[in-house]
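Every number here is computed from the coordinates shown, using simple stated rules; none is lab data. Small disclaimer: the values here were computed from a predicted structure and weren't measured. Using ideal geometry, Cβ is built from the backbone for each residue, glycine included, and neighbour counts are taken over all protein chains shown.
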Amino acid sequence: MGSPAAPGALELPTFKGRPGWEFTDISGLDLAAFETVSGPQEAVEPAETLFALPEPTELPEGVIVAPIDQAPRELLGSVVGADDVFTMLNDAGAYRAGSFVYVPRGVALTEPIALSTVQPRAGSLLHQRTLVVLEAGAQAEVWEQYLSPAGDPDGVVNVVTELVIGEGARLRYVCGQALSEKTWIFGAQRAEIARDGSLDWVALGFGSTNGRVRMETKLAGQGAEARVTGAYASHGRQHIDFDTTQEHAAPHTTSDLAFRGVLQGRSTAVWKGNIIVDPGAQKTDAFQESRNLLISKRAHADAIPGLEIQANDVRCTHAAAVAQVDPEQLFYLRSRGLREEVAKRLVIEGFLAALVERFEAGSVRERLAEALERRLALVLAE
């Protein structure tokens with residue numbers, strides 16, 4: 001762990017001047033203008049929550065859910081390195097909010113683990129870190145959300161997430177943010193999956209004013225598999241940026257990624273995805289898609305898939321689309337007597353339903369559908 005670095009002492013990436021930042025201009029961000037949160041804060045009620053999470057239950061023996069400062073020092077940074085200004089600041093911070101979750105070998109949790117981080121006040125720079133470790137054969141479901149208090153405070157939330165999935169372990173990780181639309185978010189999130197391990201990763205991006213979140217999945221062991229599902233719904237002048245990577249580092253691995261976004265007002269979004277197949281990772285099966293629905297003529301989205309393939313016996317495909325609401329669909333619904341606003345909402349709900357249907361019927365699908373419905377109501381009210 002390095003010594004703390006002053007926010008103003010590190011150079012921020014330049015818009016269009018550094019790879020990965022071609023679509024997100026953060027020249028208006030002055031990190032030195034925000035006060036770094038330096039210790040635990042009094043509990044603050046969030047203005048809203050994303051998920052209706054269950055009350056915590058008694059954990060099986062050996063399972064740990066603790067503040068991040070209780071995580072083994074040797075594991076922190078083992079998955080996400082300090083490779084840019086934001087991860088460097090997070091790594092060097094004297095205090096970080098967040099949690100350490102550990103599930104021992106062979107233990108299968110029957111109830112989800114709920115984690116929440118609430119931005120403490122306006123004008124703050126909060127470093128947040130999460131480490132989830134599942135030993136071989138373990139099973140768990142973790143739901144995490146980043147929120148803001150009432151009053152639409154400004155601030156910066158700087159997130160680092162590390163997911164370690166052991167041999168034959170299975171993790172569902174649902175992570176979403178409904179931050180104030182005056183708050184910046186930056187994230188470096190990475191998962192490593194061992195042999196025959198499985199990850200089901202869900203990301204929801206609803207709040208914030210601007211920022212960029214990296215989501216990287218490394219299928220490190222033979223037979224590993226990952227499914228990544230993302231959704232965002234923006235309005236006003238929000239800017240959403242997701243940069244995803246599916247790295248296949250071993251043979252007979254599978255990944256399936258699907259992102260969908262709905263954009264209103266003058267909001268903008270970018271999804272940039274990359275499938276990497278390392279040498280020797282034969283029999284890789286990888287897919288990625290990004291689809292965006294613009295419900296305002298002034299909204300804009302970029303969807304940029306990419307492939308880096310260094311093996312010759314693989315199946316890797318991608319799809320990307322940016323479109324307005326289909327006028328023929330609207331005409332068909334209106335011809336059945338529906339008002340225009342009702343018809344439009346049905347088209348948008350159908351567009352997002354394809355994501356929800358990636359999950360089996362039950363509590364997960366219901367919670368995600370409810371979160372999307374609430375956000376859509378806000379976006380369409382503009």
Taking the alpha-carbon centre of each part, the distance from segment 238-281 to segment 175-209 in Å is 12
Residues whose built amide H sits under 5 Å from the amide H of Val160, excluding neighbours closer than 5 in sequence, are Gln128, Arg129, Thr130, Ala188
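Find the relative contact order for segment 10-139 and round it to a whole percent, using C-alpha pairs within less than 8 Å whose residues are 6+ positions apart. All intermediate terms of the calculation are to be shown ahead of the outcome.
Details: 160 pairs, mean separation 40.8, N = 130.
In percent, rounded to a whole number, it is 31.
Add -39500 (n - 2.57) for each DSSP H run of 4 or more in the chain, then divide by its residues: what number comes out at 222 nm, to the nearest 500 deg cm²/dmol?
Working: 4 runs with 52 residues, N = 382.
The per-residue figure over the chain is -4500 deg cm²/dmol.
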Segment 92-123 scanned against label point 7 Å out from Glu55 along Cα→C-beta; backbone N under 19 Å for 110-116
The alpha-carbon center of segment 354-380 and that of segment 286-314 are separated, in whole Å, by 22
Segment 86-103 scanned against label point 7 Å out from Arg73 along Cα→C-beta; backbone N under 18 Å for 90-96, 100
Note: Gln310 to Asp326 extended length (0.36 nm per residue) minus current alpha-carbon separation gives 1.9 nm
The ³J(HN,Hα) series, computed from each phi in segment 150-162 with the Karplus coefficients 6.51, -1.76 and 1.60 at θ = phi - 60°, rounded to the nearest Hz and given as x for glycine or proline, is 5, x, 6, x, 7, x, 9, 10, 10, 10, 10, 10, 10
Of all DSSP beta bridges having both residues in the chain, the percent classed as antiparallel (nearest 5) is 5
The set of residues whose placed amide H lies less than 5 Å from the amide H of Val262, leaving out same-chain residues fewer than 5 positions away, is Tyr232, Ala233, Ser234, Leu293
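For the chain, what does the alpha-carbon gyration tensor say about shape, rounded, prolate or oblate, given a ≥ b ≥ c as the root eigenvalues, a/c under 1.5 as rounded, and a/b over b/c as prolate? Before the final figure, lay out each step's value.
Details: a/c = 1.37, a/b = 1.14, b/c = 1.21.
Rounded, because the longest to shortest axis ratio a/c is under 1.5.
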Rounded to one decimal in nm, the spacing of the 7 Å Cα→Cβ label points at Glu48 and Ala319 is 3.0
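For segment 192-236, just say rounded, prolate or oblate: build the C-alpha gyration tensor, square-root its eigenvalues into a ≥ b ≥ c, call rounded for a/c under 1.5, and beyond that prolate if a/b exceeds b/c, oblate if not. Mind dumping the intermediate values first?
Details: a/c = 5.64, a/b = 2.83, b/c = 1.99.
The shape class here is prolate.
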In the chain, helical segments from DSSP H whose Cα atoms cover 20 Å or more along their own axis and that average at least -0.5 on the Kyte-Doolittle scale are 340-356, 363-380
For Val228, the residues 5 or more places away or on another chain with a placed amide H closer than 5 Å to its own amide H are Trp201, Asp256, Leu257, Ala258
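Using Cα pairs closer than 8 Å and at least 6 residues apart in sequence, work out the relative contact order for segment 7-325, in percent. It would help to have the intermediate numbers written out before the result.
Details: 937 pairs, mean separation 36.3, N = 319.
Relative contact order, segment 7-325: 11 percent.
Once fully extended, how much extra length lies between Leu338 and Val63, figured as 0.36 nm per residue of separation less the alpha-carbon to alpha-carbon distance? Don't skip to the answer; put the middle values down first.
Values: separation 275, 0.36 × 275 = 99.00 nm, distance 5.24 nm.
Taking Leu338 through Val63 to full extension adds about 93.8 nm, to one decimal.
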For segment 189-197, Karplus-derived ³J(HN,Hα) couplings (6.51, -1.76, 1.60; θ = phi - 60°; whole Hz; x for glycine and proline) come out as 10, 8, 10, 10, 10, 7, 3, 6, x
